[in-house]
Amino acid sequence: MAASSTSTPALDLSWLNLYDDATSATPGKKGMTLKEINLGRYADSARGPGDSTYRLRGAIARANAQRFGPNYQSKADVWSENCLMLYDEATQRQWSSARDIPWDTLEPLSDEIERAMCQLCTMLTEVEFIAGDVPGQWMPFVSAQDFEAGLFLMSQIMDEARHTDVFRKRALANGGGLLAQGSGLGLRTLIEARDFTEMSVLMHVQAEGFVQSMFRMGELIGQTEADKRIFRMSAQDESRHLAFGVMHLKYVLDTEPERREEIHHYLDKAEGDASGGGSGDVTFPPVFESLCILLGGGVDRFDEGVQKFLLLRKRQINEYVHRLAVAGLGDRRERLGPLMAQFLEPAS
Amino acid sequence: MSQSSTTTEIPQEARDRARSLGWEEGLIEIAIEQGHSLQEIWQALRGGVDGVRARQFLSGGGFVRPDPWWMKVPTEWGIRARAADPALGLSIQDLMVGTYGDVPDVWTNRTEIARGSFPATVGEDMGYTIFDKAIVWADCCVPLYEIAIRDRWISATDLDWASLEPLPAEQEKAVCQLMTELSERAYLEGAILSGWLPAISYGYLELKLFLSTVIYDLARHAETFRKRALANGGGLGLQAPTDYSRTVAESRSFVELMATLFVQDSMLLTLYESGDLIAQNPLEREMYRLCARDRQRYMDYQVERMKHFLFKTPERREEQQLYLNRAEAKLVRDWNDPAVSEPLALLLAGDSRRMDEGHRRLRELRKHQVSAYLANLQRTTITRKTLNGRLQDILNA
């Protein structure tokens, strides 16, 4: 190892003799995706025990490798069965807030409508900022044995950056500006999580689920084609994050059913029998009021807006409960706090 | 939405809030009996509707109209950002107008407030630790963010995987060993950079956006190199040496992290730029070209950040030399590992029987890497006083 930099070192070449099994992944219909290389001893199903290094799954361990600090050793801690597909989808469906939004379709709106839209965008750019920090916080703890989950989280960081920028762009593109900071949006609960699954169920399933339900009402909220496109494109990204969270939760419940009550406990805290808004709280007054103005079509149609807001809230809660049921937490509906439970439709 | 107070559980926090706003006892129940949903009542409570107004509304019916105070907050209004470059579209550079373009030298707000919005009177500390522009900022991060998005590529479809043809076994194993190392280095760097995002406050939003593109690029590099290793009759080899990477992970501050990463980032950029020398086929040439393009953006940021940092904090110039000393020493240890040097030598020579020639070419490549590294440092205004002895030997050879 102490060979001179200017002379030829003695040859070792031991790295040529570490394995004999040849692997030849072939591209599929969607090219050379992660699924195509998830094969043989490199597949997630062949995952061995983890270590505390960044050795990627299937690479041969060095005897002298140093540890990098604790990370999750169990696959269930971070895994989601759809993370390969979701990462590949993320790479295929990246979009540009600069070029894929028809900014030229923006047109002057009444002052109150523009202000309501800008207030909503102020809240959303704030929320999305945190949504990038949260997966970032957990990346060093994701084992490289489960690197596809890590790749997905890195794609999510990119998605959230785009969302942060697109809502800021919208606020500054049509004669408006940013307005009041969100406060009490329930965002601290996301960054406070001390466990990956806690984080995922609060952020991916609850917070992003609520945001997704709202974005899917973007046709009613948005006032211009540009606004509607923003909500549509963002909803597409949120669907992936949500799908990761639902399937991660399902994986945990399937493989570690003893964690069920622990997960309920996280949700008990976050749903709160108190504020009841959950993470990414749309009941924060400036957000609630701006949504009602946008949904109703003006301050003078606020009552109409309130009724649509209640429909939005109903949709948020029922979709949330449905997603939890898909993940295997169907009994959640019996434990919702009163502010959420009021919107619950009877179980089908 | 009509509900009966006998079947509606009223949260204690709602009762507490009603009491603090002067709602008389039983008013919530009256509202529910009149057909108002718990949500409407909660919104009125969150909106600060006092007991007198609540009673008035319940006497007259209808929802309590809010006072949209947020419409009147004194932020800069009337902004119409327009795309300066229609080909690039509406960029974040175009948003740097008026007060929204003011990136403060020191950011004082400890919440997640969007820069330019009106602060709440009180808010919880979100735990950010980086509040100084000098530590993280480079003006180029603003345009580079949109360029990164414009220039993104997809490993699954933008590389012609079907074009791969079998290589001699030793060459294939050399490619695969190199891919194993590069994949791990990319993944590790992405993971560690990701871990620093929550430290950076909203004052430097554009920098965080740019770092997000870097993280995404590194994810793509990690999976691309893995794909190459598994696509042509090879496999993953020995994991990367851990000396340099541990130093990265050990960084106690963003400043140290960036100085440490500077060394490898520059060396890898030069390696990728030299991809034609080690590529065994057109796919690999294209792979290195695309990775080099991504790495160049990151290097541009690294150089400008360091230059800006040194300009703003000249008293910390010597400190950087310490980080560089350490990082160079660890990188050289990694370079001397046979599983790092020999695959490169073999690829450069094209045959394990010509390893002397391969090592000679590797020394040339290393010399090129070190020269480019010093040139990049020079761009930051750092003149390396105590370049690692082994790197100096490479340079002198």
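The values are calculated or read from the model by the stated rules, or taken from the named source; none is laboratory data. This structure is a prediction, so every number in the text was calculated from the model and none was measured. All Cβ positions, glycine included, derive from the backbone under ideal geometry; neighbour counts span all protein chains shown. Accessible surface is based on the protein model in full, side chains and every heavy atom, while ligands, DNA and RNA are left aside. Shrake-Rupley method; radii C 1.70, N 1.55, O 1.52, S 1.80 Å.
Key figures
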| read-out | value |
| --- | --- |
| Model label zone, A:ASP104; criterion: amide N under 16 Å from point 7 Å along Cα-to-beta-carbon; scope the range B:89-103 | B:89-91 |
| Test item: Cα-centred dipole of chain A, Lys/Arg +1 and Asp/Glu -1 on Cβ, debye | 580 debye |
| Among B:SER183, B:THR381, B:ILE154 - extreme Cα towards positive end, dipole of the range B:133-396, charges at beta-carbon | B:THR381 |
| 5 angstrom amide H check on A:GLY175, placed H, neighbours 5+ away | B:ILE79, B:ARG80, B:ALA81 |
| Chain B: C-alpha gyration tensor shape, a/c 1.5 cut-off, then a/b vs b/c | prolate |
| Spacing of the two label points (7 Å from each Cα toward its C-beta) at B:ASP351 and B:ASP50, in nm | 9.4 nm |
| Sum of -39500 (n - 2.57) over DSSP H runs of 4+, divided by residues of chain B (222 nm, nearest 500) | -19000 deg cm²/dmol |
| Span-like helix ranges in chain B, DSSP H, alpha carbon extent 20 angstrom or more, Kyte mean at least -0.5 | B:169-196, B:205-230, B:254-273 |
| 23 Å Cα-Cα reach of B:LYS367 towards lysines, excluding residues that sit fewer than 8 places from it in its own chain | B:LYS330, B:LYS385 |
| Averaged over A:79-92, number of beta-carbon atoms from partner chains that fall within 10 Å | 2 |
| Portion, in percent, of the accessible area of the range A:47-132 that falls on carbon or sulfur, probe 1.4 Å | 50 percent |
| For peptides B:39-48, B:356-365, sequence by mean Cβ density within 10 Å, most packed first | B:39-48, B:356-365 |
| Surface accessible to a 1.4 Å probe, per residue, for the residues of chain B, Å² | 37 Å² |
| Selection from A:THR122, A:TYR87, A:PRO135, by position along the positive dipole direction of the range A:83-136 (Cβ) | A:TYR87 |
| Nonlocal amide H pairs with A:ALA180, under 5 Å, H built at 1.01 Å | B:PHE118 |
| For peptides A:22-29, B:70-77, sequence by mean Cβ density within 10 Å, most packed first | B:70-77, A:22-29 |
| Placed amide H near B:LEU238: partners under 5 Å, 5+ positions off or other chain | A:ILE60 |
| Anisotropy class of the range B:127-254 from Cα gyration tensor, a/c 1.5 cut | oblate |
| For chain A: relative contact order, % (alpha-carbon pairs under 8 angstrom, 6 or more apart) | 18 percent |
| For the range B:309-386: relative contact order, % (alpha-carbon pairs under 8 angstrom, 6 or more apart) | 21 percent |
| Estimated inter-spin distance, A:THR255 and B:THR386, nm [label 7 Å along Cα→Cβ] | 4.8 nm |
| Residue mean of other protein chain beta carbons inside 10 Å, A:34-46 | 2 |
| Virtual spin-label span in nm between A:ALA63 and B:THR157, 7 Å along Cα→Cβ | 4.7 nm |
| Close Lys-Lys pairs in chain A, where close means Cα under 21 Å and separation is 8 or more or interchain | 7 |
| Chain pair B, A: total accessible area buried, heavy atoms, 1.4 Å probe, Å² | 11200 Å² |
| The range B:12-67: C-alpha gyration tensor shape, a/c 1.5 cut-off, then a/b vs b/c | rounded |
| Among B:LEU211, B:ILE135, B:ILE200 the positive-end extreme of the charge dipole of the range B:133-396 (Cβ point charges) | B:ILE135 |
| Neighbouring partner chain Cβ atoms per residue of B:344-351, average, 10 Å criterion | 1 |
| Relative contact order, percent, the range A:196-348 [alpha-carbon distance under 8 Å, six or more residues apart] | 29 percent |
| Accessible area in square angstrom per residue, chain A, 1.4 angstrom probe | 32 Å² |
| Helix-only [θ]222 nm of chain A, DSSP H runs n ≥ 4, -39500 (n - 2.57) each, per residue, nearest 500 | -16000 deg cm²/dmol |
| FRET efficiency, A:GLU225 to A:LEU344 (Cβ-Cβ, R0 45 Å, nearest 0.05) | 0.85 |
| Packing rank of B:90-101, A:165-176, B:303-314, where each peptide gets the mean count of other beta carbons within 10 Å, highest leading | A:165-176, B:90-101, B:303-314 |
| Of the DSSP H helices in chain A, those whose Cα atoms cover at least 15 Å axially and whose Kyte score averages -0.5 or more | A:111-138, A:147-171, A:225-255, A:285-296, A:302-327 |
| Semi-axes of the equivalent ellipsoid for the range B:278-378, Cα gyration tensor, largest first, Å | 32, 18, 10 |
| B:THR121-B:ASN325 FRET efficiency (beta carbon distance; Förster radius 41 Å; 0.05 resolution) | 0.30 |
